[in-house]
Amino acid sequence: HVQLVESGGGPVEAGGSVRLSCVARGYNVAAWCMGWFRQVPGKGREEVVRIDNDGKKRYADFVEGRFTFSQDNAKNTVYLQMNSLKTEDTAVYYCATISPYVGSWYEDEYWGQGTQVTVS
C-alpha cells in the first residue's frame, strides 16, 4: 500500500529556510508523480509544486523562485527546500502522489499526514 510520511516542519523565522522531507513507501517515487501542497485554516488546500504526467515541475506563482522540489530516488524520498520564508507561508504542508499510469492530479492523489511550518 502507498504511504507518505512528511517531516522537517516546525517554527522558523521570517526570511529563514526549511527543508521538508517525504519518505514514500509502497511504490517507487521514480515511477510516480510527486507534489507538495499546503493548507491553512479557512482556506482550501493549495498547490505548491507538482510533477505532472508530462514529467514537468509546476510551481505556484507565490513560490516566486524561493522553493525547490527535488528527489532522491535511491532513498525513495522527495524534498521541498523553502527559502526566504514569509509569514504567509505558514501552513500544514502535505506530500502527495499519483500514479501516472492510472491516476490524475485532483482526482486520484494519495496524501501524507502533513507537517506544520510556522513562520514568524
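FYI, it's all coordinate maths here, none of it is from the lab. If you're wondering where the values come from, they're calculated on a predicted model, not measured in any experiment. Methodologically, a virtual Cβ is constructed for each residue, glycine included, from the backbone with ideal geometry; neighbour enumeration extends over all protein chains shown.
Kindly indicate which of Val78, Val40 is aliphatic (A, V, I, L, M), under 15 Å from Val2 (Cα atoms) and touching a strand residue (DSSP E or B) at 6+ places or on another chain (Cβ under 7 Å).
One residue alone meets the criteria, Val78.
A quick yes/no check of all residues on (1) farther than 20 Å from Trp105 by Cα; (2) without any contact (Cβ under 8 Å) to a residue 12 or more places away in the chain:
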| site | (1), (2) |
| --- | --- |
| Gly15 | yes, no |
| Cys22 | no, no |
| Val29 | no, no |
| Asp54 | no, yes |
| Tyr59 | no, yes |
| Ser70 | no, yes |
| Lys75 | yes, no |
| Tyr79 | no, no |
| Ser84 | yes, no |
